[in-house]
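S.K.: Sharing a structure with you now.
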Amino acid sequence: MLNVRQVVAGYGRLTALKEVDLTVNEGEIVFVVGPNGAGKSTLLKTICGLMTPTAGEITFRGRRIDGKPPEELCRGGLTLIPEGRHIFKTLTVQENLRVGSMIRKNSAEVRADLESVLDTFPILRERFTGIAGYLSGGEQQQLAIARSILQRPSLLMIDEPSLGLAPLVIDQVYESLRKLNRTGLTLLIVEQSTGRIMDLASRIYVVRNGRVVLEGTPDKLRDGRAVNAAYFGFDSADAS
């Protein structure tokens, strides 16, 4: 579905991504993990068109997309929820959700999809006419995900969905993502922590200093030693 090949990107003279390779297959939940400043958010921004790579190529469903504008990619089924959620806090939950469906024309389908996301996130039904800024952090994250789902993406990218949330709330958000994946939605998720991802991930990439330093399935990486070695930059033999 998504292929990133030898992508280089950065900010002026600072190179944040250094020949990064990444693949997401249809139906997968792929995690990208790594320490602060590793290049994880830059990777998502580059994929969704907010940044243009200086080398390499990105293809989505067999079509080259690097350098394409974000709105074109969104209409094509590629959606990003940025770090910090970026909901419209002065608008109601209902109005935020309406923003998510603005690119669509079939009102009957929109209504059906709205009912579906409200079934998936029942707290949003309860808070439907309330101001979004009054929601808790976990509820705001659910709103951001629900709003993105109304765009009907085939690949949803999320930058740190657990950021600033209590452990119990993180579990609830992750369970919602698991349910969405079971409906056929493909997910690419950036996280700093590796603590909860093993039971959800199809595959995991560890990024450090702008490079992919480890890639594998949860079964291969479950004991955590290789992930920790790649994450912190020491020899895996030292982690045993």
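S.K.: Does Leu22 satisfy the criteria of being buried (at least 22 other Cβ atoms within 10 Å of the Cβ) and modelled with pLDDT of 95 or more? Lay out the reasoning, then the answer.
M.R.: Details: buried (at least 22 other Cβ atoms within 10 Å of the Cβ): no; modelled with pLDDT of 95 or more: yes.
Here the answer is no, as Leu22 does not meet what is asked.
Conditions (1) within 14 Å of the chain's Cα centre (by Cα); (2) of a type outside the set (A, V, I, L, M, F, W, C); (3) within 19 Å of Ala230 (Cβ to Cβ), marked per residue:
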| position | (1), (2), (3) |
| --- | --- |
| Leu2 | yes, no, no |
| Arg13 | no, yes, no |
| Leu43 | yes, no, yes |
| Glu57 | no, yes, no |
| Phe60 | no, no, no |
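S.K.: Checking the condition at positive phi and of a type in the set (S, T, N, Q), which residue from Asn181, Asn209, Asn228 passes?
M.R.: On the way: Asn181 fails: at positive phi; Asn228 fails: at positive phi.
The match here is Asn209.
S.K.: A follow-up question, please. Among the residues of region 18-66, write down those that are aliphatic (A, V, I, L, M) and farther than 25 Å from Pro153 by Cα.
M.R.: The initial filter retains those residues of region 18-66 that are aliphatic (A, V, I, L, M), namely 20, 22, 24, 29-30, 32-33, 38, 43-44, 47, 50-51, 55, 58, 65.
Of everything in region 18-66, those that are aliphatic (A, V, I, L, M) and farther than 25 Å from Pro153 by Cα turn out to be Ala38, Ala55.
S.K.: Among the residues of region 56-76, is any of a type in the set (A, V, I, L, M, F, W, C), surrounded by 15 or more Cβ atoms within 10 Å (Cβ to Cβ) and part of a strand (DSSP E or B)?
M.R.: Of region 56-76, the ones of a type in the set (A, V, I, L, M, F, W, C) are 58, 60, 65, 73-74.
If we keep only those that are surrounded by 15 or more Cβ atoms within 10 Å (Cβ to Cβ) too, we end up with 58, 60, 65, 73-74.
Next, only the ones that are part of a strand (DSSP E or B) stay: 58, 60.
Yes: region 56-76 contains one or more residues that are of a type in the set (A, V, I, L, M, F, W, C), surrounded by 15 or more Cβ atoms within 10 Å (Cβ to Cβ) and part of a strand (DSSP E or B).
S.K.: Could you pull out every one of the strands (runs of 3 or more DSSP E) wholly within region 1-55 that has 2 or more residues that are out of contact with any Asp or Glu (no Cβ under 7 Å at 6 or more places or on another chain) and within 19 Å of Pro161 (Cα to Cα)?
M.R.: 29-33
S.K.: Further question on the same structure: Among all residue pairs at least 6 apart or on different chains, which show Cβ distances below 6 Å where the first residue, located in region 106-117, is closer than 12 Å to Arg152 by Cα and the second is outside any helix (DSSP H, G or I)?
M.R.: Partner pairs satisfying both residue conditions: Val110/Ser101; Val110/Arg104; Asp113/Leu150.
S.K.: Another one. Across region 160-198, what is the total count of residues that are closer than 18 Å to Thr79 by Cα, of a type in the set (A, V, I, L, M, F, W, C) and part of a loop (DSSP other than H, G, I, E, B)?
M.R.: Qualifying residue count for the region: 1.
S.K.: So, one more: What do you reckon, is Lys89 on the phi < 0 side of the Ramachandran plot and either assigned by TED's automatic domain parsing to the domain that holds Ala132 or free of Cβ contacts under 8 Å to residues at least 24 places away in the same chain (or both)?
M.R.: Yes; evaluated as a whole, the condition is true for this residue.
S.K.: Give the residue that is nearest to Glu26 (Cα to Cα), with candidates limited to residues of region 57-69 that are in contact with a helix residue (DSSP H, G or I) (Cβ under 9 Å, 6 or more places away or on another chain) and not acidic (Asp, Glu). Quick ask: steps written out before the conclusion?
M.R.: Of the residues in region 57-69, the ones in contact with a helix residue (DSSP H, G or I) (Cβ under 9 Å, 6 or more places away or on another chain) are 58, 60, 65-66.
So of that shortlist, the ones also not acidic (Asp, Glu) come out as 58, 60, 65.
On the way: Ile58: 16, Phe60: 11, Ile65: 17 Å.
The selected residue is Phe60.
S.K.: Just checking, how many residues over region 206-225 are basic (Lys, Arg), in contact (Cβ under 8 Å) with a residue 12 or more places away in the chain and farther than 20 Å from Leu14 by Cα?
M.R.: Qualifying residue count for the region: 2.
S.K.: Then there is this: Just checking, which of Ala132, Ala166, Ala201, Ala229 is of a type outside the set (S, T, N, Q), assigned by TED's automatic domain parsing to the domain that holds Leu91 and in contact with a helix residue (DSSP H, G or I) (Cβ under 8 Å, 6 or more places away or on another chain)?
M.R.: Checking each option against the conditions leaves just Ala132.
S.K.: Of Ala229, Ala201, which residue is buried (at least 19 other Cβ atoms within 10 Å of the Cβ) and either assigned to a loop (DSSP other than H, G, I, E, B) or aromatic (Phe, Trp, Tyr) (or both)?
M.R.: One residue alone meets the criteria, Ala201.
S.K.: While we're looking at this one, here's another question. Go through region 171-196 residue by residue and tally those that are out of contact with any Pro (no Cβ under 8 Å at 6 or more places or on another chain) and either at pLDDT below 95 or more than 10 Å from Ile29 (Cα to Cα) (or both).
M.R.: 16
The values are calculated or read from the model by the stated rules, or taken from the named source; none is laboratory data. Since the structure is predicted, the reported quantities are computational estimates derived from the model, not experimental observations. Here the Cβ is made from the backbone with ideal geometry for all residues, glycine too, and neighbour counts use every protein chain on show.
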